[in-house]
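J.: Sending over a structure as structure tokens; questions will come in a sec.
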Amino acid sequence: MKNSTVLKSLFVFLTILVFATCKEEKKKRVIEFPETDLTAENLIPKPLKMIPTNGGFALDQFTAIYTSEAAGFEEVGSFLAKKIKSKTELDVQVNIDEIPNLETVIYINQSDSLELNAPEAYQLYITQDSVILNSNTAEGAFRGIQTIRQLIPEASSDSLATYPIWTIPTGKIIDSPQFEYRGSMLDVARHFFSVEDVKKYIDLLAYYKYNVLHLHLTDDQGWRIEIKSWPLLTEIGGSTEVGGEGGGFYTQEEYKDIVAYAAERHVLIVPEVDMPGHTNAASVAYPIFNGNGKKPELYEGTQVGKSTFATRKDTLYSFLDDVIGEIAAITPGPYFHIGGDESHVTKKKDYIYFVERVEKLVQKHGKRMIGWDEIGQADIDSSSVSQFWASKKNAMDAIAKGMKIIMSPAKKAYLDMEYDTLSKHGLHWAAYIPTDTAYIWTPETYEGIPMESILGIEAPLWSETISDIGELEYLAFPRAIGYSELSWSTPENRNWEEYKIRLANQAPFLDRMNVKYYASPLIDWKKSKYSYKEIEKD
Ligand code: ACM
């Protein structure tokens with residue numbers, strides 16, 4: 001053990017000893033916990049390992065949170081305190097100096113232990129007196145507190161003492177994600193979604209340990225991000241959306257606000273400017289860049305594949321240098337997504353020329369390029385990433401170049417596909433994807449893509465058929481919960497029959513968050529006191 005580790009362990013031990021001594025008086029009050037087994041019944045994604053010890057930790061008015069001083073840990077503790085408050089009304093103090101009347105402590109500890117080597121790995125030791133959450137990084141600690149949140153029962157037991165107690169079962173959890181990239185995409189171009197809507201989606205994703213939100217910021221129907229050097233992109237290009245309802249866009253300040261909100265939840269924003277196809281809105285704003293030979297006009301329909309940039313014009317690349325540069329400057333994450341899909345009216349050689357030139361611009365601005373799988377046709381760098389949505393051949397071409405793959409096969413992972421023929425929203429050009437189909441597939445071996453080439457999984461939500469947060473939630477939930485498990489948990493830990501019980505147990509949380517999820521009839525949803533629900537008839 002390194003000296004610093006010994007010191008830290010000693011500090012944890014002494015802290016607990018001090019609490020234990022201070023509590024001697026209090027501990028005479030014996031809480032008779034009912035048999036409580038640490039199980040995964042409320043946990044999604046399922047942790048790697050769990051070892052129950054059949055006791056209970058009392059979360060109550062005498063609980064406090066202490067954190068390491070390492071960067072970001074106190075924020076994780078404060079985040080947990082806020083979430084405990086909204087679930088239980090308890091005011092749990094974080095890093096208070098005085099330790100008055102403490103019964104139980106949640107300690108969030110930075111640890112260099114080798115077992116926690118993966119950046120998001122964490123361990124939880126839950127005993128009668130303390131919850132110790134160890135992680136190497138604040139990010140890992142943040143994933144760990146989602147597990148704590150899920151372990152806190154929805155209802156308190158009021159018979160154990162004269163005040164309410166939320167009993168967390170004791171035991172040990174050892175956990176680490178399978179894939180480093182666990183994302184969802186939201187299309188804010190076909191229909192615009194407000195900053196508040198996006199924040200709510202981020203909150204829900206973070207609860208299920210997602211770490212990426214990819215924003216599809218531009219398309220034929222709208223340009224949604226302010227570019228200061230090219231103001232007409234939003235002034236004109238952002239003025240409408242599918243169906244003609246007004247559109248909208250994020251100012252750079254608003255985008256930064258989204259990025260910061262996501263960062264507090266250890267979620268990366270991946271911005272996408274889709275090109276050289278899907279560029280009608282940009283071409284209406286600046287017709288000089290239009291390459292399809294027609295006069296561009298604002299478009300409120302849903303067809304694809306008619307637009308293209310004029311890929312051989314040099315001025316296009318100084319324009320894109322500005323666009324990519326401005327967005328890259330306000331995006332702390334390592335990725336920039338260039339779209340690259342469905343450029344049906346771009347000649348193949350022009351498409352390839354375009355992707356190769358744009359890759360250089362993305363790299364110039366310090367980012368790693370992601371593109372839909374078509375980009376695999378170009379001669380690009382192994383550091384670029386292919387998002388497999390339709391063509392296995394394109395994905396395999398990318399792998400041959402040493403590129404990594406994000407798994408988003410439309411037949412399995414598209415959140416905008418209808419559940420079935422009765423779905424209220426969605427499309428079905430790729431498939432119907434009921435809740436079980438979304439879960440029962442194996443990204444690790446899908447279409448023979450080698451596991452070592454898979455960066456992670458992303459579930460895209462295209463917005464042709466949805467225009468408000470309730471409709472968004474109908475398509476995303478419950479399927480996005482299943483994708484969180486596919487990207488976090490190992491195949492040995494996944495089983496539909498067992499998962500669907502854990503999914504049923506998410507209803508109280510979803511109801512409390514006012515999520516208008518699709519109450520799939522495949523699931524025996526748990527009743528909750530918050531239930532507003534209009535149960536879907538199948
Ligand atoms: C796509 O669905 N056009 C990537």
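The values are calculated or read from the model by the stated rules, or taken from the named source; none is laboratory data. Since the structure is predicted, the reported quantities are computational estimates derived from the model, not experimental observations. Backbone-built Cβ (ideal geometry, glycine too); neighbour counts: all protein chains shown.
J.: Residue check, ASP203 against (1) surrounded by fewer than 19 Cβ atoms within 10 Å (Cβ to Cβ); (2) more than 17 Å from the chain's Cα centre (by Cα); (3) more than 26 Å from ILE454 (Cβ to Cβ); (4) in contact (Cβ under 8 Å) with a residue 24 or more places away in the chain, all met but one. Which one?
T.: (2)
J.: Please enumerate the residues belonging to the range 168-185 that are in contact with a helix residue (DSSP H, G or I) (Cβ under 7 Å, 6 or more places away or on another chain) and of a type in the set (Val, Ile, Thr).
T.: Within the range 168-185, ILE168, ILE173 meet the criteria.
J.: Any residue at all in the range 401-409 that is part of a loop (DSSP other than H, G, I, E, B), closer than 22 Å to PRO521 by Cβ, within 25 Å of the chain's Cα centre (by Cα) and at pLDDT 95 or above? Quick ask: steps written out before the conclusion?
T.: Taking the range 401-409 first, the residues part of a loop (DSSP other than H, G, I, E, B) are 401-403, 408-409.
In the following step, the residues that additionally are closer than 22 Å to PRO521 by Cβ were identified as none.
Scanning the range 401-409 turns up no residue that is part of a loop (DSSP other than H, G, I, E, B), closer than 22 Å to PRO521 by Cβ, within 25 Å of the chain's Cα centre (by Cα) and at pLDDT 95 or above.
Quick grid of which residues meet (1) buried (at least 21 other Cβ atoms within 10 Å of the Cβ); (2) among the polar types (S, T, N, Q); (3) at pLDDT 95 or above:
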residue	(1), (2), (3)
ASP350	no, no, yes
GLU359	yes, no, yes
HIS365	no, no, yes
ASP373	yes, no, yes
ILE380	yes, no, yes
SER383	no, yes, yes
PHE388	yes, no, yes
LYS392	no, no, yes
ALA395	yes, no, yes
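J.: Condition first: within 16 Å of the ligand (Cβ to nearest atom) and either basic (Lys, Arg) or part of a loop (DSSP other than H, G, I, E, B) (or both). Now tell me which residues in the range 434-464 satisfy that.
T.: The answer is TRP462, SER463, GLU464.
J.: Only one residue in VAL284, VAL270, VAL259 is farther than 18 Å from PHE192 by Cβ and not in a loop (DSSP other than H, G, I, E, B). Which one?
T.: Values: VAL284 fails: farther than 18 Å from PHE192 by Cβ; VAL259 fails: farther than 18 Å from PHE192 by Cβ.
Being farther than 18 Å from PHE192 by Cβ and not in a loop (DSSP other than H, G, I, E, B) holds for just one of VAL284, VAL270, VAL259, which is VAL270.
J.: Moving on. Checking the structure you have, find out if any residue of the range 108-115 is at negative phi, touching a Gly at 6+ places or on another chain (Cβ under 8 Å) and buried (at least 21 other Cβ atoms within 10 Å of the Cβ). Can you show your working first?
T.: Of all residues in the range 108-115, those at negative phi come to 108-115.
When the remaining residues are screened for being touching a Gly at 6+ places or on another chain (Cβ under 8 Å), the result is 108.
Next, only the ones that are buried (at least 21 other Cβ atoms within 10 Å of the Cβ) stay: 108.
Yes, that holds for at least one residue.
J.: What is the one condition in (1) buried (at least 19 other Cβ atoms within 10 Å of the Cβ); (2) within 15 Å of the ligand (Cβ to nearest atom); (3) part of a loop (DSSP other than H, G, I, E, B); (4) not β-branched (Val, Ile, Thr) that ALA431 does not satisfy?
T.: Just one mismatch for ALA431, condition (1).
J.: State the number of residues belonging to the range 77-130 that are in a strand (DSSP E or B) and within 25 Å of ARG512 (Cα to Cα). Please lay out each step first, then the result.
T.: Going through the range 77-130, the residues in a strand (DSSP E or B) turn out to be 93-94, 104-110, 122-126, 130.
Okay, now just the ones that are also within 25 Å of ARG512 (Cα to Cα), so 93-94, 106.
Final tally of qualifying residues: 3.
J.: Right, something else. Considering each residue of the range 305-334, count those that are within 16 Å of the ligand (Cβ to nearest atom) and either surrounded by fewer than 23 Cβ atoms within 10 Å (Cβ to Cβ) or modelled with pLDDT under 95 (or both), and give that number.
T.: Filtering the range 305-334 for residues within 16 Å of the ligand (Cβ to nearest atom) gives 305-308.
Still in the list and also either surrounded by fewer than 23 Cβ atoms within 10 Å (Cβ to Cβ) or modelled with pLDDT under 95 (or both): 305-306.
Of the residues in that region, 2 qualify.
J.: Given the conditions (1) surrounded by fewer than 22 Cβ atoms within 10 Å (Cβ to Cβ); (2) within 14 Å of the ligand (Cβ to nearest atom); (3) among the small types (Gly, Ala, Ser), and given that GLY402 satisfies all but one, which numbered condition is not satisfied?
T.: With respect to (1) surrounded by fewer than 22 Cβ atoms within 10 Å (Cβ to Cβ); (2) within 14 Å of the ligand (Cβ to nearest atom); (3) among the small types (Gly, Ala, Ser), GLY402 is out only on (2).
J.: Given the condition over 17 Å from the mean Cα position of the chain (by Cα) and within 16 Å of the ligand (Cβ to nearest atom), answer yes or no: does some residue in the range 466-486 qualify?
T.: Within the range 466-486, one or more residues are over 17 Å from the mean Cα position of the chain (by Cα) and within 16 Å of the ligand (Cβ to nearest atom).
J.: Right, next: Looking at GLU254, GLU300, GLU245 in this structure, which one is modelled with pLDDT under 95, of a type outside the set (A, V, I, L, M, F, W, C), within 18 Å of PHE192 (Cβ to Cβ) and more than 16 Å from the ligand (Cβ to nearest atom)? Lay out the reasoning, then the answer.
T.: On the way: GLU254 fails: modelled with pLDDT under 95; GLU300 fails: modelled with pLDDT under 95.
The match here is GLU245.
J.: Would you tally the residues in the range 138-176 being crowded, with 21+ Cβ neighbours inside 10 Å and of a type in the set (Phe, Trp, Tyr)?
T.: 2
J.: May I ask you to say which residue of TYR517, TYR419 is of a type outside the set (Asp, Glu), more than 16 Å from the ligand (Cβ to nearest atom) and under 28 Å from THR240 (Cα atoms)? Give the steps one after another, and end with the answer.
T.: Details: TYR419 fails: under 28 Å from THR240 (Cα atoms).
When all the criteria are applied, what remains is TYR517.
J.: Would you be able to say whether some residue in the range 493-501 is among the aromatic types (Phe, Trp, Tyr), out of contact with any Pro (no Cβ under 7 Å at 6 or more places or on another chain) and assigned to a loop (DSSP other than H, G, I, E, B)?
T.: Taking the range 493-501 and keeping what is among the aromatic types (Phe, Trp, Tyr), we get 496, 499.
Checking which are out of contact with any Pro (no Cβ under 7 Å at 6 or more places or on another chain) leaves us with 496, 499.
Checking the rest, the ones that are also assigned to a loop (DSSP other than H, G, I, E, B) come to none.
No, because not a single residue in the range 493-501 is among the aromatic types (Phe, Trp, Tyr), out of contact with any Pro (no Cβ under 7 Å at 6 or more places or on another chain) and assigned to a loop (DSSP other than H, G, I, E, B).
J.: Please count how many residues of the range 506-528 are outside any helix (DSSP H, G or I) and over 26 Å from THR421 (Cα atoms). Show your work before the answer.
T.: Step one: filter the range 506-528 for residues outside any helix (DSSP H, G or I), giving 506, 513-528.
Filter once more, so that each one left must be over 26 Å from THR421 (Cα atoms): 513, 527-528.
Of the residues in that region, 3 qualify.
J.: Please name all residue pairs, on different chains or six or more residues apart, with Cβ atoms under 6 Å, provided the first residue is in the range 444-461 and is within 29 Å of GLU473 (Cα to Cα) and of a type outside the set (D, E, K, R) and the second residue is more than 16 Å from the ligand (Cβ to nearest atom) and in a strand (DSSP E or B).
T.: Filtered contacts from the range 444-461: LEU455/TYR181; LEU455/LYS404; GLY456/TYR181; GLY456/ARG182.
J.: Can I ask one more? Name every residue in the range 275-293 that is more than 19 Å from GLY244 (Cβ to Cβ), more than 16 Å from the ligand (Cβ to nearest atom) and of a type outside the set (A, V, I, L, M, F, W, C), in order of residue number. Before you say what the answer is, go through the steps one by one.
T.: Start the filter on the range 275-293 by keeping residues that are more than 19 Å from GLY244 (Cβ to Cβ), which leaves 275-277, 279, 286-293.
Those still in the list that are more than 16 Å from the ligand (Cβ to nearest atom) too: 286-293.
Matches in the range 275-293: TYR286, PRO287, ASN290, GLY291, ASN292, GLY293.
J.: From the residues in the range 335-366 that are free of Cβ contacts under 8 Å to residues at least 40 places away in the same chain and assigned to a loop (DSSP other than H, G, I, E, B), which one is nearest to the ligand (Cβ to nearest atom)?
T.: Among them, the one singled out is LYS347.
J.: Which condition does ALA395 not pass, out of (1) within 13 Å of the ligand (Cβ to nearest atom); (2) part of a loop (DSSP other than H, G, I, E, B), if it passes all the others?
T.: The number of the failed condition is (2).
J.: Please state which of the following conditions ASN505 fails to meet, knowing it meets all the rest: (1) in contact with a helix residue (DSSP H, G or I) (Cβ under 7 Å, 6 or more places away or on another chain); (2) in contact (Cβ under 8 Å) with a residue 60 or more places away in the chain.
T.: All conditions pass for ASN505, except number (1).
J.: Okay, moving on. How many residues does the range 367-392 hold that are in a helix (DSSP H, G or I) and out of contact with any Phe, Trp or Tyr (no Cβ under 7 Å at 6 or more places or on another chain)? Don't jump to the end; show me each part of the working.
T.: Let us first name the residues in the range 367-392 that are in a helix (DSSP H, G or I), namely 373-377, 392.
Among the residues that remain, those that are also out of contact with any Phe, Trp or Tyr (no Cβ under 7 Å at 6 or more places or on another chain) are: 374-377, 392.
Counting residues in the range 367-392 that are in a helix (DSSP H, G or I) and out of contact with any Phe, Trp or Tyr (no Cβ under 7 Å at 6 or more places or on another chain) gives 5.
J.: Within the range 472-481, is there a residue that is closer than 30 Å to SER383 by Cβ, of a type outside the set (Val, Ile, Thr) and surrounded by 18 or more Cβ atoms within 10 Å (Cβ to Cβ)?
T.: Of all residues in the range 472-481, those closer than 30 Å to SER383 by Cβ come to 480.
Cutting the leftovers down to of a type outside the set (Val, Ile, Thr) gives us 480.
Remaining after also requiring surrounded by 18 or more Cβ atoms within 10 Å (Cβ to Cβ): 480.
Yes, because at least one residue in the range 472-481 is closer than 30 Å to SER383 by Cβ, of a type outside the set (Val, Ile, Thr) and surrounded by 18 or more Cβ atoms within 10 Å (Cβ to Cβ).
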